[in-house]
Amino acid sequence: MNREKFMSELKTALSGDNYKEAIAYYDEYFDEAGVENEEKTIAELGSPKNVAALIRAQETIKQMDGDNISAKRGWRSAWITVGLVFAAPIALPLAIAIAACAVALIVSLGAVVISLIATACALAIGGIAMCI
Amino acid sequence: MALQIGNNMLDMLVLAILRENDTYGYVLTQRVQSILDVSGSALYPVLRRLLQVGACATYDVPFGGRNRRYYSITTTGHELLRGYISDWNDYRDAVEQILKGGDGN
């Protein structure tokens with residue numbers, strides 16, 4: 001294998017815009033190593049398929065990291081949903097009871113106010129009657 | 001060195017080399033290979049990862065009718081390296097403790 005064959009196989013293994021920089025990197029690498037070290041460099045880099053696999057493996061690890069994060073988030077929201085479902089039988093009657101208490105309180109307060117007015121009226125009428 | 005080298009170790013070494021001065025892929029590879037038995041193809045994935053997390057940046061310098069792509073360490077890279085060095089120190093101390101064979105007790 002020579003440099004030309006190595007690079008063409010690498011390009012085949014790493015097609016797409018995502019890997020343009022990888023191709024450029026190895027082109028530069030050969031330039032730096034020099035023509036006299038071409039064979040040695042190829043032997044040392046390994047097969048183009050291997051070189052490509054190393055880069056792809058890196059991408060996969062990165063993707064897996066991303067998946068893990070979203071999986072954790074997914075579990076969190078799942079637990080919130082589960083919690084709400086289990087809380088509903090308790091929370092719903094509780095909410096109804098609180099609402100009923102509030103209504104009862106307002107009604108009783110209203111009754112007290114009305115009775116106070118009624119008492120005031122009664123006293124006033126009683127007072128007028130006494131004067132007459 | 002016959003010890004297995006993990007990704008973090010390579011990340012740490014590359015960042016430490018870049019902390020000294022900016023350099024390009026080939027020289028970086030030679031430098032790491034002078035102390036570790038790693039393939040020449042092991043360094044590009046490391047650089048790619050470091051670029052993706054913003055730990056290093058690149059710029060091109062014209063050289064002999066082509067470009068040399070230099071890598072430099074970023075602020076994020078410095079932070080990452082500090083963490084790695086701290087982990088490394090802990091790890092090294094723990095290993096030495098075992099290698100000493102109970103001298104520390």
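The values are calculated or read from the model by the stated rules, or taken from the named source; none is laboratory data. It should be emphasised that the depicted structure is a prediction, and the values quoted were computed from it without experimental measurement. Reconstructed Cβ throughout: ideal geometry from the backbone, glycine too, with neighbour counts over all protein chains shown. Side chains are part of the model used for accessible areas, which takes the heavy atoms of the whole protein and leaves out ligands, DNA and RNA. Shrake-Rupley method; radii C 1.70, N 1.55, O 1.52, S 1.80 Å.
Assorted remarks:
- Here A:Phe6 passes the criteria (1) touching a Pro at 6+ places or on another chain (Cβ under 9 Å); (2) at pLDDT below 85 except the one numbered (2).
- Within the stretch A:38-62, the set of residues being touching a Gly at 6+ places or on another chain (Cβ under 6 Å) and crowded, with 20+ Cβ neighbours inside 10 Å comprises A:Leu45 only.
- Pairs with Cβ under 7 Å, 6+ apart, first in the stretch B:51-62 and farther than 19 Å from A:Ile55 by Cβ and of a type in the set (Gly, Ala, Ser), second assigned to a strand (DSSP E or B) and modelled with pLDDT of 95 or more: B:Ala57/B:Ser72
- Filtered residues of the stretch B:35-52 (kept if more than 13 Å from chain A (Cβ to nearest Cβ) and surrounded by 17 or more Cβ atoms within 10 Å (Cβ to Cβ)): none
- Selection status of A:Ala33, surrounded by 20 or more Cβ atoms within 10 Å (Cβ to Cβ) and at the interface with chain B (Cβ under 10 Å from one of its Cβ atoms): yes
- Helices (runs of 4 or more DSSP H) fully within chain B that include at least 1 residues being under 24 Å from A:Asn37 (Cβ atoms) and more than 15 Å from the chain's Cα centre (by Cα): none found.
- Out of A:Glu21, A:Glu38, A:Glu44, A:Glu9, sole residue that is within 10 Å of another protein chain (Cβ to nearest Cβ) and touching a Lys or Arg at 6+ places or on another chain (Cβ under 8 Å): A:Glu21
- Restricted to the stretch B:16-34, and to residues there that are more than 24 Å from A:Thr41 (Cα to Cα) and of a type outside the set (Asp, Glu), the residue that is least open to solvent (accessible area, probe 1.4 Å) is B:Ala16.
- Number of the exception - B:Asp60 against (1) touching a helix residue (DSSP H, G or I) at 6+ places or on another chain (Cβ under 7 Å); (2) open to solvent by 50 Å² or more (accessible area, probe 1.4 Å); (3) within 11 Å of chain A (Cβ to nearest Cβ); (4) charged (D, E, K, R): (1)
- On inspection, B:Ser72 qualifies as away from every other protein chain (no Cβ under 14 Å), among the polar types (S, T, N, Q) and either surrounded by 20 or more Cβ atoms within 10 Å (Cβ to Cβ) or touching a Cys at 6+ places or on another chain (Cβ under 8 Å) (or both).
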